[in-house]
Structures are given as structure tokens and as C-alpha cells.
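What follows is a short report on a single structure.
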Amino acid sequence: MGRTMTYADWIHGARPKTLPLAVAPVITGAVVAGVSGTPYTLRFLVLTLLCMGVALFLQIAANFANDYSDGIRGTDEHRDAADTMNNGQTAANTPTHAPARLVASGVAPHAVLQAAGVNAALASLSGLAVCALTGYWWFLAVGVASLLAGWFYVGGQHPYGYHYLGEVFVFVFFGLVATCGTTIALSGCATIGALCAGSANGLVAVVVLCVNNLRDIESDAKYGKHTWMTALGRTWGTVLADVLLVCASVLTIGMVVAWRAASTGVIAVCVLMGAVQVAACDALTRADYRRALPLCTLGSLSVSVVFAAMAVLA
């Protein structure tokens, strides 16, 4: 049967370290809309917060749904307290373990599924409010697609996250959809700038998934979960993750140049973004995934901060 969920379980299951990935593209989309000429009004603020609510609650719902689906499949049974050396790094020849998920640690599966449903409902309510304020009722189709993508990542009989497609969907939904959707809600149209900015956020989101999959590469292979990391192996998978981080930074800096926004303040923020990405690459190279995960999620926020700086400081 399993135990009921506690407040601590709710916090743990939401996976707070991943939530910047939901916030960052919304910030980016709002900045792009502002740069495109949309006035910063109360309506602008309300819509931005509602879009952020959609993204956050969808992310949390997906986290609980993934916990439920992987838990009942047994994929999470290997997870325990991080098997690390005294300096926090994983031994080179030792499988890397992640903190135990809810179902695997004894929480009743139906309670985890209910938590996913509650957050999906909150995301839907936020989305309905966006539709009502903008009149773009076709956003409902985007919302349904997002909910289905969150569920079928590891849910259902043929989860796409087990067949090399998780990285693609993360790029699309945590990059393009979230950024362009916010821009459209605020300004009425998506621009090339929104696509490029969303791509930068999406690339970092893919890296976060790569970190998780590098950490679990042995167990994923054992349970038939096919990811880019299981296909490439730990060495080349790490190289790919590092390259994607560099590409995100290059794309962001390229937009600074294209928008002619290279003021002293913006350059300083770009240096900060670069420092975060370098630190993340270093952690990945050392296979220190416990440090790499928050650095990569912070890297997503740093990309959005660069775009915000272009709007405020340029």
C-alpha cells in the first residue's frame, strides 16, 4: 500500500532544483515581448505571472508523474543516498546513485499520482486564465500537448523518454514552447528573437536532463531506458553536454551582438553567465553530478538574466 505523503514528500517530489528550468524561459519570453515594444503594464505583469504558473505547475506535475511511472516500473529501485567519496565526487568506477524517489522510498503510488493531478489542475487553471485574458483559446491545444508530453515522458506503455526522445521534447517544451508561448501571450506574435532565445534556454534544459541521465547511466541501461547518454556512453555524453552548454552561451552572446545591446552592464552579466557555464562544465567533467545539476539549472536562469539585462541596461 505504501505510506501517505508528508509535507516534506511534497517538497522533495517537486524537485526544487529543477524548477528554475520552468521559470527561465518565461522570463526570457517576457523580455523578448518587452523588447518588441509591448508596454509594461499591469496586464503584462499578470499575464507573465500566469504563464509562470503554467510552467511551474506543469513542471511539478511532470516531476510527480515521472516519480510515479518510474516507481511502479522499478526503474528507481537503485536510487539511494548518493554513493560518493568524502569530497562529494563519485568514485570513477562506482555507479552514481541519485536520492531515492517517493514511490521507491515507500510512498503510496496513488498518492504520488494524485499530487501530479493536483499540479496539473493548477497548471490548467492558470492556462485558462491566460486564454481568457488574451482570447487565444488555441492555447488550450498547447496546454493539452504539454500535459500529454509530461505524462508520456515515462508514463504509458511506450514512454518516449525510454526511446531517445526525452532530450528532443525537453528542448521543445522547456525552450521553444515556454518562451514563444509567453511572447505570444504578451505581444500577440512570436519573433525570430523568441525562437533563438527559447533555443538557448532549451539547450540548457537538455543539459540538465543529460546530467540526470549521466548520473543514472548504468541503471537506465539495465532497465531498458534508452537515452542519448546510454547511447553515447559516459565520456562522449559528457562531451555532448559540455558542447550544448557552450552553444547556449554562444547563441545568447550572439543575440546580444545582433540586438546591439553590448553595454558595460550587459557584458558583465554575460561574463557571469559564462562563469556559471564553465563551472557546470567543470563539474560535469569531474562527474560531480550533485554539483553539476544546480549549476546547470542556474545556467538556465543566467541565460534569462542576460536577456533581461539587454532590456534594462542596454
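The values are calculated or read from the model by the stated rules, or taken from the named source; none is laboratory data. Everything quoted here is computed from the prediction, not taken from an experiment. Because the Cβ atoms are built from the backbone with ideal geometry, glycine has one as well, and the counts that use them run over all protein chains shown. SASA here: full protein model, heavy atoms, side chains in, ligands and nucleic acids out. Shrake-Rupley method; radii C 1.70, N 1.55, O 1.52, S 1.80 Å.
Things to note:
- Just one residue in the set Thr179, Thr230, Thr238 is open to solvent by less than 10 Å² (accessible area, probe 1.4 Å) and either farther than 23 Å from Cys281 by Cα or not in a loop (DSSP other than H, G, I, E, B) (or both); that residue is Thr179.
- Whichever residue in region 135-148 is open to solvent by less than 50 Å² (accessible area, probe 1.4 Å) and touching a residue at least 40 places away in the same chain (Cβ under 8 Å) and, among such residues, is nearest to Gln59 (Cα to Cα): Ser146
- Of all residues in region 83-114, those being modelled with pLDDT under 60, among the hydrophobic types (A, V, I, L, M, F, W, C) and open to solvent by 30 Å² or more (accessible area, probe 1.4 Å) number 2.
- Checked against the criterion of being at pLDDT below 95 and either over 30 Å from Thr235 (Cβ atoms) or touching a strand residue (DSSP E or B) at 6+ places or on another chain (Cβ under 6 Å) (or both), the candidates Gly150, Gly117 yield just one match: Gly150.
- Residue check, Asp220 surrounded by 24 or more Cβ atoms within 10 Å (Cβ to Cβ) and among the charged types (D, E, K, R): no
- Residue that is modelled with the highest pLDDT, among those in region 10-54 that are part of a helix (DSSP H, G or I) and of a type in the set (Lys, Arg): Arg43
- Here Leu125 fulfils each of the conditions (1) in contact with a Cys (Cβ under 6 Å, 6 or more places away or on another chain); (2) closer than 21 Å to Ile27 by Cα; (3) open to solvent by 60 Å² or more (accessible area, probe 1.4 Å) apart from (1).
- Qualifying positions in region 241-261 - open to solvent by 70 Å² or more (accessible area, probe 1.4 Å), more than 20 Å from Arg291 (Cα to Cα) and in a helix (DSSP H, G or I): Val250, Ile253, Val257, Ala258
- Met273 meets all of the listed conditions (1) modelled with pLDDT under 95; (2) over 15 Å from Gly202 (Cα atoms); (3) under 21 Å from the mean Cα position of the chain (by Cα); (4) among the aliphatic types (A, V, I, L, M) but one, namely (1).
- Enumeration of residues in region 153-175 that are surrounded by fewer than 19 Cβ atoms within 10 Å (Cβ to Cβ), touching a strand residue (DSSP E or B) at 6+ places or on another chain (Cβ under 7 Å) and either on the phi > 0 side of the Ramachandran plot or assigned to a helix (DSSP H, G or I) (or both): Tyr164
- Apart from one condition, Val211 fits all of (1) open to solvent by 50 Å² or more (accessible area, probe 1.4 Å); (2) touching a Phe, Trp or Tyr at 6+ places or on another chain (Cβ under 6 Å); (3) within 24 Å of Val26 (Cβ to Cβ); the exception is (1).
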